[in-house]
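Asks: The structure's right below; bear with me while I get my questions together.
The values are calculated or read from the model by the stated rules, or taken from the named source; none is laboratory data. The model shown is predicted, which means the values in this text are computed figures rather than measured ones. Heads up, the Cβs are rebuilt from the backbone with ideal geometry, glycines too, and the neighbour counts pull from every protein chain shown. Ligands, DNA and RNA are stripped out before the accessible areas are found, and what is left, the full protein with its side chains, is counted by its heavy atoms. Shrake-Rupley method; radii C 1.70, N 1.55, O 1.52, S 1.80 Å.
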Amino acid sequence: MGRYIVLLLCAFLFFSTAYSQSHGLQFASHEVVPEKRTSLNLTPGDPICFTNTTELSFDISFRPNQETYFGFVLRMISADNQNIDVVYNQKLLQFNFVIGETFSFPFTIDSASLYGKWNNMKIRVNKKDNSIAFLLNGKEICRKDDAFKNELCCRIYFGLNDRVGFQTRDIPPMRIKDIVIVENDKQKYAYPLAESNGDVTANLISGEKIPVKNPSWIKPRHQQWEEVLSVTTGSTPSFAFSSKDEKLYIAGTDSIYTYSLKNFSVKSRAVNNNATRMPAGNQAIVNPLNNRLYNFDIDEKIVREYDTAGGDWSKKFSRVTLTEFWQANKFISPVDTCLYIVAGYGQLQYKNMIQRYHFSTGLWDTVKPAGDFFMPRYLAALGMNQTGDTAYIIGGYGSNTGDQTINPRHTYDIIAYSVRNKTFKLLTHLKNPAKQFCFTNSLIIEQGTDHYYALTYPNDRFNSSLQLIRGKLHSDQYELMADSIPYLFYDIESFADLYYDSLSKKLIAVTLHMQKNNTTVVKAYTLDFPPNPVETVVASAATPGGKAWLYISAGIVVLAGLVWVYRQRKKNNTTSLTGTMPVAPVAMQEAPAEHPAHPPYKEFSSVFLFGQFEVFDKDGHDITHLFSPLLKEIFLLVLIHTYKDGKGITSEKLFETIWSDKSTKDARNNYSVNSVKLKPILEKIGDCHIERDSGKLRLEIQDNVVAIDYQRFMELVVQQPVSRTNIAELVHLLQRGSFLGQLHYNWLDDIKSEVSELIVDTLLQYLATAGIETDAEFIIKISNAIFLSDQLNEEALAYKCRSLIFLGRHGLAKDAYTRFAKEYHETYGQDFEKTFAQLTGNG
């Protein structure tokens with residue numbers, strides 16, 4: 001009896017907390033090698049038998065921005081080898097529910113639902129008429145009568161499986177949650193997939209755990225911010241986000257950096273201007289009406305448009321004085337197509353001005369608003385409603401008079417500004433918190449609701465942190481969401497903002513902090529939406545007895561559960577499940593291998609530079625976190641120069657690269673201190689160390705006990721003649737991603753270019769000798785590997801499209817061409833000169 005009580009309590013606590021949070025299992029798919037793909041086997045022991053009326057249900061959605069979606073969602077294999085499958089056909093953009101060789105029913109899910117919502121799939125087995133039915137979101141899609149004769153006992157697999165005769169390597173990039181098996185209206189199995197870590201998942205009914213291969217749990221993606229970008233650039237940069245292109249722009253003095261949420265890549269492009277620095281307090285914004293990037297200087301009343309074709313701003317930067325509008329808010333309204341600047345701080349004055357720039361005429365004016373009082377402030381957040389005619393402003397720091405010397409304070413009001421009526425309306429006040437805080441620049445308003453999301457931080461300390469909150473526009477309550485983000489705050493040297501990408505469903509937090517050496521560090525973090533709460537209680541004052549309902553409800557649930565258990569045990573109606581089902585063997589065939597199999601990535605004593613920078617110790621533990629930013633840069637400088645040409649790097653060059661603002665003596669002292677810190681980390685990796693040889697620093701590894709992908713890469717690209725085996729290994733290596741794609745140092749740009757050139761030249765050299773008739777699939781793989789380094793490589797596009805056409809995938813070929821042409825136009829500001837027919841010779 002005690003066991004049942006524990007299970008019921010666990011189930012109650014789970015349903016009252018975990019089910020209210022985002023959870024599930026994300027399946028690694030075609031973006032990784034087969035041995036890295038995800039597999040969930042519900043039946044590692046005995047098969048599950050379906051008797052009487054039994055239903056297997058689960059929720060599914062697809063991950064956006066993936067190239068390949070074909071594959072098996074679910075395979076059920078009966079005792080006599082009959083298959084029941086749910087398969088996605090990318091070419092036809094449809095699912096198929098398959099039973100054996102003779103039954104296949106197609107159905108579709110619209111893209112908005114498939115990529116943006118959870119969709120419930122259910123397989124219903126009815127012993128009365130031996131039928132199997134498939135339901136989508138509660139609606140029966142198809143049914144096959146007389147599908148079996150005896151009890152149906154099955155092995156059940158989601159994603160990849162190694163069942164002999166039924167192996168599947170092709171799986172779509174999907175998310176699965178809430179797998180439930182119900183027999184005669186009684187739950188027998190319930191796998192919510194609400195874990196945060198580990199490689200097992202639990203059945204809530206029995207407590208039994210089953211293994212998961214290569215899991216990627218969804219819950220932490222909605223709880224833990226991931227740092228995706230760190231850029232050091234010239235002083236006073238600005239940033240903006242394009243929701244249409246899913247790109248974050250960082251506008252620096254000499255370069256424009258873009259981070260793509262589609263493929264998680266970073267690009268930089270030189271800016272053709274002679275400005276030594278951008279004016280202090282400048283900001284950037286992407287106009288949603290034309291998707292163009294603008295920089296504006298409030299003090300000089302200048303708006304600059306970025307020319308993507310010429311790589312320059314429409315007007316030069318000249319102001320060097322401090323701004324009078326620090327931390328001002330901004331928005332562009334479709335009502336009048338104008339840019340609005342709201343509030344700000346400078347010269348000991350808080351502002352409540354509304355300044356407006358007319359894109360159509362290039363003129364500025366000041367709006368005189370009516371309605372409720374809008375206190376002068378800065379450090380507030382502003383967001384727009386869906387129609388773009390109302391701006392909502394929350395919080396900030398200021399004073400009633402605007403004078404910094406007269407009673408400055410925090411404010412927690414929520415005010416609506418009507419663009420059409422030019423009026424302010426006070427909606428509510430948040431209750432004063434125990435610890436005061438301010439807001440980052442933007443407020444995210446969830447479409448179709450009055451929920452908002454904002455980043456807050458205490459402004460009374462330098463080592464601050466950003467905390468996400470969620471509230472309602474007309475409520476004084478809010479709750480804390482997700483983990484915090486480190487933030488170095490000093491109001492005239494720091495800036496932070498929050499964006500939302502509706503396509504990838506991610507929140508993006510960006511921070512900026514200016515250094516003493518006239519450089520600025522910009523960092524970006526992402527969090528899957530919707531975020532999970534830090535805790536279930538509301539952050540503002542709870543009502544008296546607010547927790548009582550929890551304990552009362554728990555008591556009711558446990559009492560009801562005990563009564564149910566007592567009755568079930570009295571019934572004692574356990575049924576023995578036996579029998580087989582003589583049916584035809586499976587007809588679906590496994591696709592042939594595209595290239596020879598490779599061993600899995602070694603994840604002990606390993607260093608990975610392609611894709612995300614990762615380091616594993618001798619026991620296979622990820623020790624990447626042990627590398628501080630400085631230790632990481634020192635390590636990479638030595639490692640790359642060791643294998644780039646085999647010579648290493650001189651101390652003088654290393655000092656000049658990292659400590660250019662310090663004397664040789666200070667730089668040497670800094671290196672000595674950090675080399676001591678680096679030594680034990682290298683010892684954890686394996687028998688390796690940094691040593692000085694002929695005046696140069698080199699990474700020395702004894703007996704090749706440490707595997708470094710960059711070392712192997714350099715070996716592969718210099719071997720001549722190029723062989724299919726080596727090219728296959730190279731493509732396998734490159735599937736991790738671009739070379740140090742998430743890191744940016746000034747010294748690294750040229751090396752990244754050299755690596756990209758080596759990749760493209762080597763792969764194109766092989767493609768020139770490959771035959772489409774015998775190697776079309778492999779040619780597509782190679783072309784995709786080229787695109788990781790050069791997204792606009794015309795030769796790779798031609799090879800890929802011709803191979804797809806040869807394989808009969810004309811739609812995929814045309815899609816690849818269309819995406820390429822769109823990216824080409826966005827990058828160069830002009831149309832791609834070749835038509836699809838000219839490129840493929842398929843006119």
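Asks: Where the accessible area of the chain is counted over protein heavy atoms with a 1.4 Å probe, how much of it, in %, is carbon and sulfur? Spell out each step's value before the answer.
Replies: Numbers: 19190 of 37970 Å².
Exposed carbon and sulfur together represent 51 percent of the surface.
Asks: Suppose every K and R has +1 on its Cβ and every D and E has -1 on its Cβ; what is the size of the dipole of the chain about the Cα centre, in Debye to the nearest 20?
Replies: The calculation lands at about 2020 debye.
Asks: Send over a whole-number figure in Å² for the accessible area per residue of region 152-246, probe 1.4 Å.
Replies: On a per-residue basis, region 152-246 sits at 37 Å².
Asks: While we're looking at this one, here's another question. Are there chymotrypsin sites (Phe, Trp or Tyr not before Pro) in region 375-477 that DSSP puts in a loop and that have at most 14 other Cβ atoms within 10 Å, and which ones?
Replies: Listed in order of number, the matching sites are PHE462.
Asks: Using the Kyte-Doolittle scale, find the helices of the chain whose mean hydropathy is at least 1.6 and whose Cα atoms extend 20 Å or more along the helix's long axis, counting only whole DSSP H runs.
Replies: Qualifying helices: 2-17.
Asks: What trypsin sites (Lys or Arg not before Pro) does region 790-843 have in DSSP loop regions with at most 16 other beta carbons within 10 Å?
Replies: LYS834
Asks: Dividing the alpha-carbon Rg of region 403-526 by 2.2 N^0.38 Å yields what? Spell out each step's value before the answer.
Replies: Working: Rg = 15.8 Å, N = 124, 2.2 N^0.38 = 13.7 Å.
Cα Rg divided by the expected 2.2 N^0.38 Å: 1.15.
Asks: Could you tell me the extents of region 247-372's C-alpha atoms along the three principal axes, largest first, rounded to whole Å?
Replies: 46, 33, 28
Asks: Divide by every residue of the chain the summed helix terms, -39500 (n - 2.57) for each DSSP H run of at least 4, and state the resulting mean residue ellipticity at 222 nm, rounded to the nearest 500 deg cm²/dmol. All intermediate terms of the calculation are to be shown ahead of the outcome.
Replies: Numbers: 13 runs with 188 residues, N = 843.
Calculated at 222 nm, the ellipticity per residue is -7000 deg cm²/dmol.
Asks: Can you give me the C-alpha center-to-center distance between region 733-760 and region 245-308, rounded to a whole angstrom?
Replies: 23
Asks: Give me the distance between the Cα centres of region 404-440 and region 38-60, rounded to whole Å.
Replies: Cα centroid to Cα centroid, the span is 53 Å.
Asks: In the chain, what % of DSSP beta bridges are antiparallel (nearest 5)?
Replies: For the chain, the DSSP antiparallel bridge percentage is about 95.
Asks: Answer with one residue from ALA194, GLY695, PRO486: the one whose Cα lies farthest towards the positive end of the charge dipole of the chain, charges on Cβ with Lys, Arg +1 and Asp, Glu -1.
Replies: Sorting the options by dipole projection puts first ALA194.
Asks: Which distance in Å, rounded to a whole number, links the C-alpha centroids of region 203-219 and region 81-119?
Replies: 24
Asks: A further question follows. Beyond 27 Å between alpha-carbons counts as too far, so tell me which of LYS139/LYS186; LYS244/LYS431; LYS127/LYS219; LYS36/LYS679; LYS262/LYS472; LYS267/LYS506 fall in that bin.
Replies: The pairs that break the limit, which is 27 Å between Cα atoms, are LYS244/LYS431; LYS127/LYS219; LYS36/LYS679; LYS262/LYS472.
Asks: For the pair LYS36 and LEU289, how long in nm is the line joining their label points, each one 7 Å along Cα→Cβ?
Replies: Inter-label distance under the simple model: 4.5 nm.
Asks: Could you tell me which of rounded, prolate or oblate describes the chain, using a ≥ b ≥ c as the square roots of the eigenvalues of the alpha-carbon gyration tensor, with rounded for a/c under 1.5 and, failing that, prolate when a/b is larger than b/c and oblate otherwise? Write down the numbers at each step before the final one.
Replies: Details: a/c = 1.67, a/b = 1.21, b/c = 1.38.
In terms of gyration-tensor shape, oblate.
Asks: Could you tell me which chymotrypsin sites (Phe, Trp or Tyr not before Pro) in region 483-536 are loop residues by DSSP with no more than 13 other beta carbons within 10 angstrom of their beta carbon?
Replies: TYR490
Asks: Turning to a different aspect of this structure: Once you sort the root eigenvalues of the Cα gyration tensor of region 170-217 as a ≥ b ≥ c, which label holds: rounded (a/c under 1.5), prolate (a/b larger than b/c) or oblate (the other case)?
Replies: In terms of gyration-tensor shape, oblate.
Asks: Leaving out same-chain residues fewer than 8 places away, which aspartates and glutamates sit with a Cα under 18 Å from that of LYS696?
Replies: Reachable aspartates and glutamates: GLU633, ASP645, GLU652, GLU656.
Asks: Given points 7 Å out from each Cα along the Cα-Cβ axis, report the GLN187 to ILE406 separation in nanometres with one decimal.
Replies: Here the answer is 6.2 nm between the modelled labels.
Asks: What does the extension gain come out to for ILE141 and PHE105, with contour length at 0.36 nm per residue minus their alpha carbon separation?
Replies: This chain segment gains 12.1 nm when fully extended.
Asks: How large is the accessible surface per residue of region 687-814, computed with a 1.4 Å probe and reported in Å² as a whole number?
Replies: 43
Asks: In addition: Along the charge dipole of region 685-843, Cβ charges K/R +1 and D/E -1, which of LEU812, ASN726, MET714 sits furthest on the positive end?
Replies: Result: LEU812, furthest along the dipole toward the positive end.
Asks: Toward the positive end of the charge dipole of region 21-153, about the Cα centre and with charges on Cβ (Lys, Arg +1; Asp, Glu -1), which of ALA112, PRO44, ALA28 goes farthest?
Replies: Going by the Cα projections, it comes out as ALA112.
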